[in-house]
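What follows is a set of notes on a single structure, which appears directly below.
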Amino acid sequence: MRQAETLSAGQIRLQAGTLYAALDRLTAEGLIDIDRQEVVDGRPRRYYRLTDDGAAALAAESKRLARNASTASRRLRAHRPATGLGTVAVAVG
Amino acid sequence: MRTRLILAAYPKGARRAEIEDLLLMAAADGHAEPGARGVTNLLRHGLRARLGRAGSNGVVALAMIVSVIAGFLLASATSRLAWEAAPDLPDGARRAALGEVLAPGRPVQWSQDSSGDPFPVVDGQVRPRRLSGVVADTAETGDGSGYLTGVAQRLQAQGWRVSDTSLTGPTAGKTGAGPNDAQVLLARNAHLVLWIEDVRDLTERQGRLNIHVHRAEPPWISVLTFVAGLFGALLGWLLFGWGSRRTEHHRAATTAAGFAVVLAMVLLAPALSLGLIFLNVFTGDYLSKVPFWAALVPTSTFGGLAVAAGVAAGTALVIAALRRPGRSRQRPASA
């Protein structure tokens, strides 16, 4: 939860229930697995790791997002700001 | 203590302690205990985790339907039992006093189902026990509209709420004796629902006053039934989740139990549909002609389907009980 908040610069505040639901779903899909487990103060603490399938899925998803971001950046660079206030293009028909 | 109570929404097993550990770590980092949003999040995902089969939307849809049905069943059983403690139909002095309001100075021939069952099954239909009365034709009762207006005024003076008066004639009499003219009045107070029909056979030039008295549902039964329905829905969710988790990694058991559950749903569909219709009648202004759980009574018309549904649901539970909770490819993340 802390890491999600740090990595997203405070934009994502993950709730515990949401986190474990995601872990269950990813485990069921074989994308992550329990790496190791330790007992701290009588409570189990589990560490999860990406499986090979998970790493492949993450790479594919990362590539897809990068492609989308790249397309958006390209379109943004090609965008020419309007020359005056109130100038709009209206299509009729 | 509060956190552990919230985490009880999750199925028994290591997951509860795992989340507790996470929350304690978060608290050590300076995060406050889960607020309303966090608690709701834990309850929602905890109840979802009870169903097992992470990632399946179908199991959630099925669990919701099972919950509604379980709520309906427990509400039905509670309502039926609660009626045993409801005030009985008027007798003796109370009955005579009612007769005096309806037909002052004239004898009312009262009759009541002799069985002690508050909901006897008559011709396959569950009917609430009622008190019936007949007043012989007189010049006054012959004037249907005028007479019932007087009855309505007397009832209102006694605290009754007259909900409806309607003309139900001329129609062909059930006996085929000829056309008749009839007017009906409905009234209710805190304890009783009254149905009065001033009927006049236009051919025979004779008439009578038919009276039916039912017990009105006391507010405490309505509240108890509603609460039982909510409790039943929760119980249904937990029971379904238990079975779903036990059969999760057994394909044959999942198929068999799933089939039995869906079959039970289909078999209960008529009872549930009729229940919703009856519920509308039951809680409306009209008298409680049929209790909302009527189609669940084994000796009623649809009772056989309800019994078969019970057998199917029982089979699903037995299949689940005979299975040990399965293991996934990975080590289980929750019990």
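The values are calculated or read from the model by the stated rules, or taken from the named source; none is laboratory data. Please read all numbers here as calculations on a predicted model, not as lab measurements. Note: ideal-geometry Cβ built from the backbone for every residue, glycine included; neighbour counts use all protein chains shown. Each accessible area value is taken on the protein alone, full model and side chains, heavy atoms only, with ligands, DNA and RNA left out. Shrake-Rupley method; radii C 1.70, N 1.55, O 1.52, S 1.80 Å.
Looking at the range A:3-21 only, could you name the residues that are out of contact with any Gly (no Cβ under 8 Å at 6 or more places or on another chain) and either within 9 Å of chain B (Cβ to nearest Cβ) or assigned to a loop (DSSP other than H, G, I, E, B) (or both)?
A:Ser8, A:Ala9, A:Gly10, A:Gln11, A:Ile12, A:Arg13, A:Leu14, A:Thr18, A:Leu19, A:Tyr20, A:Ala21
How many residues does the range A:39-75 contain that are over 14 Å from A:Thr27 (Cβ atoms), assigned to a helix (DSSP H, G or I) and either of a type in the set (Val, Ile, Thr) or within 14 Å of chain B (Cβ to nearest Cβ) (or both)?
Total satisfying the criteria: 2.
A:Arg36 - would you say it is more than 10 Å from chain B (Cβ to nearest Cβ) and charged (D, E, K, R)?
yes
Which residue, of B:Gly258, B:Gly284, is more than 30 Å from B:Lys12 (Cβ to Cβ) and either open to solvent by less than 80 Å² (accessible area, probe 1.4 Å) or modelled with pLDDT of 75 or more (or both)?
When all the criteria are applied, what remains is B:Gly284.
Go through the range B:106-140 and count every residue that is part of a loop (DSSP other than H, G, I, E, B), open to solvent by less than 40 Å² (accessible area, probe 1.4 Å) and either over 21 Å from B:Glu217 (Cα atoms) or of a type in the set (Val, Ile, Thr) (or both).
3
Given the condition β-branched (Val, Ile, Thr), under 24 Å from B:Arg188 (Cα atoms), more than 14 Å from every other protein chain (Cβ to nearest Cβ) and open to solvent by 20 Å² or more (accessible area, probe 1.4 Å), answer yes or no: does some residue in the range B:69-92 qualify?
yes
Going by what's in this entry, would B:Val59 be described as more than 8 Å from every other protein chain (Cβ to nearest Cβ), surrounded by fewer than 20 Cβ atoms within 10 Å (Cβ to Cβ) and of a type in the set (A, V, I, L, M)?
no
Considering each residue of the range B:45-56, count those that are closer than 16 Å to A:Glu29 by Cα, more than 7 Å from chain A (Cβ to nearest Cβ) and of a type outside the set (S, T, N, Q), and give that number.
2
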